[in-house]
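Visitor: Right, I'll just put the structure down here and ask away after.
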Amino acid sequence: MGQKPITFLRQVVSLCLMPSLMDDPNIPSDVKERAQGILNGCKGSSLGSYSDSAGVEVIRRHVAEYIERRDGFPSNWEDIILCAGASEGIRGTMKMMIKHDNSIKPGVMIPIPQYPLYSATIAEFDLHQIGYYLNESTNWGLDISELERAYDEAKEVSNPKALVVINPGNPTGNVLTKENIQGVIKFAYEKKLFLFADEVYQDNVYAEGCKFHSFKKVVMEMGAPYNQMELASFMSCSKGYMGECGLRGGYAEIVNLDPQVKTMYLKSISAKLCPTTLGQAVMECVVNPPREGEPSYEQFIEEKKAVLSSLAERAKMVAETFNSVPGMSCNVVQGAMYAFPQIMLPEKAVQAAKAAGQAADVFYAFQLLENTGICIVPGSGFGQRPGTYHFRTTILPQPELLKTMLEKFRDFHSNFIKLYE
Ligand SMILES: Cc1ncc(COP(=O)(O)O)c(C=O)c1O
């Protein structure tokens with residue numbers, strides 16, 4: 001998508017891979033110090049050796065310190081599991097929900113629309129998907145009454161075990177308020193649900209008045225009995241200002257896990273040996289960035305700010321453009337990297353889709369692709385209320401390209417509507 005990599009991060013990783021660069025006088029001292037710290041934590045001082053299955057200890061300790069700075073509450077480094085991207089951590093944690101007998105299926109509550117990793121993993125692990133709808137009319141807010149409805153309906157056919165919340169949301173771009181998070185925690189506590197807090201977009205909050213609150217912090221603020229709840233929070237190097245999705249870095253913080261379950265969990269991840277040490281090194285940079293006064297600080301902050309402020313601008317541009325198109329409505333992109341606008345499709349278009357053997361939003365997406373080269377994901381890929389049509393697009397293309405894309409999109413849409421009206 002043309003995003004420039006963060007210099008500090010790439011330098012540290014380069015030195016880890018090529019320690020002879022430590023002698024290069026052009027490399028700042030804090031980069032050398034970080035890289036040496038990582039290498040000291042690796043067996044044989046090399047990124048090429050296996051690490052502990054839960055990750056390099058010193059990086060896990062730095063993750064815990066990062067969480068403490070972020071939340072103002074203690075974090076235990078032994079609760080930190082490094083993983084090859086958040087996906088691996090989420091799947092490894094979701095595995096704990098699998099049952100091995102013929103009893104009723106364990107259920108996992110997920111938002112609709114959702115990020116498809118969840119529906120796919122639930123299907124693969126033979127769990128029961130319990131969808132709860134997000135509320136489009138309140139900027140994709142999370143209604144507790146809807147959680148109740150979905151839970152009550154599902155408990156007839158499954159044994160609800162876990163609740164997934166994605167905050168900031170993919171594909172919705174919603175950022176939850178603290179009050180909303182408190183409501184979700186109370187609900188999960190009452191129903192004895194394991195909480196999955198997918199917080200990979202914690203650095204991507206743009207809208208005025210919105211703030212990221214981690215579930216871990218809110219649970220701790222709420223005190224007993226909520227601070228005893230089993231909770232897993234996930235973070236990634238793929239998002240934020242980093243965008244290093246190919247290097248596969250992530251972590252899970254899993255708190256209050258039953259000790260016997262934790263033993264089995266650690267055993268299960270040890271069968272995979274270890275997450276890529278390269279991804280772990282990236283995570284070290286994210287949780288232990290240059291500090292004020294260090295030689296890389298100024299450049300790091302400048303690069304980080306540039307990425308995040310440009311994303312904020314694009315978030316605004318995308319929502320405003322879609323809202324200016326007749327027959328489209330788009331909620332404010334408060335955070336994350338996506339917009340999920342609704343499109344009103346004329347009945348004739350729905351019929352044409354049927355004749356082509358496609359869902360109406362899929363038909364629309366293919367027509368857009370064929371006519372403009374723009375690729376979107378139809379709303380049915382994420383889930384949507386029956387009878388409504390959406391698509392997901394990202395705010396990731398660089399501003400000029402995004403502008404051109406949006407202009408082409410607007411033209412296509414008005415021609416499409418004219419054709420089928
Ligand atoms: C909500 C959400 N969770 C998890 C992931 C997976 O990220 P990773 O690259 O860290 O595996 C993504 C990626 O798009 C995502 O959007």
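The values are calculated or read from the model by the stated rules, or taken from the named source; none is laboratory data. On a predicted model such as this, the values are computed, not experimentally measured, just so you know. Reconstructed Cβ throughout: ideal geometry from the backbone, glycine too, with neighbour counts over all protein chains shown. What goes into the accessible areas is simple: the full protein's heavy atoms, side chains included, and nothing from ligands, DNA or RNA. Shrake-Rupley method; radii C 1.70, N 1.55, O 1.52, S 1.80 Å.
Visitor: Work out how much length Cys245 to Cys210 would gain on full extension: take 0.36 nm times their residue separation and subtract the Cα-Cα distance, in nm to one decimal.
Guide: Going from the current span to full extension adds 10.1 nm.
Visitor: Next up: Filter the cross-link list Lys211/Lys316; Lys239/Lys304; Lys155/Lys216; Lys105/Lys161 down to pairs whose alpha-carbon distance in this structure exceeds 20 Å.
Guide: Lys155/Lys216
Visitor: Given the chain, what percent of its DSSP beta bridges are antiparallel, to the nearest 5?
Guide: Given both bridge residues lie in the chain, the antiparallel proportion sits at roughly 50 percent.
Visitor: Can you pull the Rg over Rh of the chain, Cα-only, Kirkwood?
Guide: 0.99
Visitor: So how far apart, in nm, are the two label points at Arg291 and Asp52 if each is 7 Å from Cα heading toward Cβ?
Guide: With each label placed 7 Å out from Cα toward Cβ, I get 2.3 nm.
Visitor: Given the pairs Lys32/Lys305; Lys99/Lys267; Lys99/Lys186; Lys95/Lys272, which are separated by over 19 angstrom at their Cα positions?
Guide: Flagged as over cut-off: Lys32/Lys305; Lys99/Lys186.
Visitor: Once the Cβ-Cβ distance between Ser414 and Ala356 is put in as r, and R0 is 22 Å, what FRET efficiency do you end up with, to the nearest 0.05?
Guide: So, using R0 = 22 Å, E works out to roughly 0.55.
Visitor: Which cross-chain or sequence-distant (5 or more) residues have an amide H under 5 Å from the amide H of His390, H modelled 1.01 Å from N in plane?
Guide: It is Ile343, Gly379, Ser380, by chain and number.
Visitor: Can you pull the one-decimal nm distance between simple spin-label points at Phe366 and Asp152, each 7 Å off the Cα toward Cβ?
Guide: If labels sit at Phe366 and Asp152, their model points lie 4.1 nm apart.
Visitor: Additional query: At 1.4 Å probe size, with the rest of the protein present, what percent of the exposed accessible area of the chain is carbon and sulfur atoms?
Guide: Roughly 53 percent of what the probe reaches on the chain is carbon or sulfur.
Visitor: Still on this model: Using label points projected 7 Å from each Cα along Cα→Cβ, tell me how many nm separate Glu124 and Leu401, to one decimal.
Guide: Each label point lies 7 Å from its Cα, and together they span 2.9 nm.
Visitor: Something else now. If you roll a 1.4 Å probe over the heavy atoms of the protein chains, what accessible area per residue do you get for the chain, in Å²?
Guide: Value returned for the chain: 44 Å² of accessible area per residue.
Visitor: Let me ask something else. Filter the GluC sites (Glu not before Pro) in the stretch 134-185 down to the DSSP loop ones having no more than 13 other Cβ atoms within 10 Å, then list what survives.
Guide: In loop regions of the stretch 134-185 (DSSP not H, G, I, E or B), the sparsely surrounded GluC sites (Glu not before Pro) are Glu156.
Visitor: Within the chain, which is the longest segment containing none of the trypsin sites (Lys or Arg not before Pro) that sit in a DSSP loop and have at most 13 other Cβ atoms within 10 Å?
Guide: 1-191
Visitor: Let me ask something else about it. Kindly express, to the nearest 10 degrees and within the range 0 to 90, the angle between helix 85-94's C-alpha long axis and the longest C-alpha principal axis of the chain.
Guide: Helix 85-94 and the main axis of the chain meet at about 80 degrees.
Visitor: Just for the stretch 50-287, what percent of DSSP beta bridges are antiparallel, to the closest 5?
Guide: 35 percent
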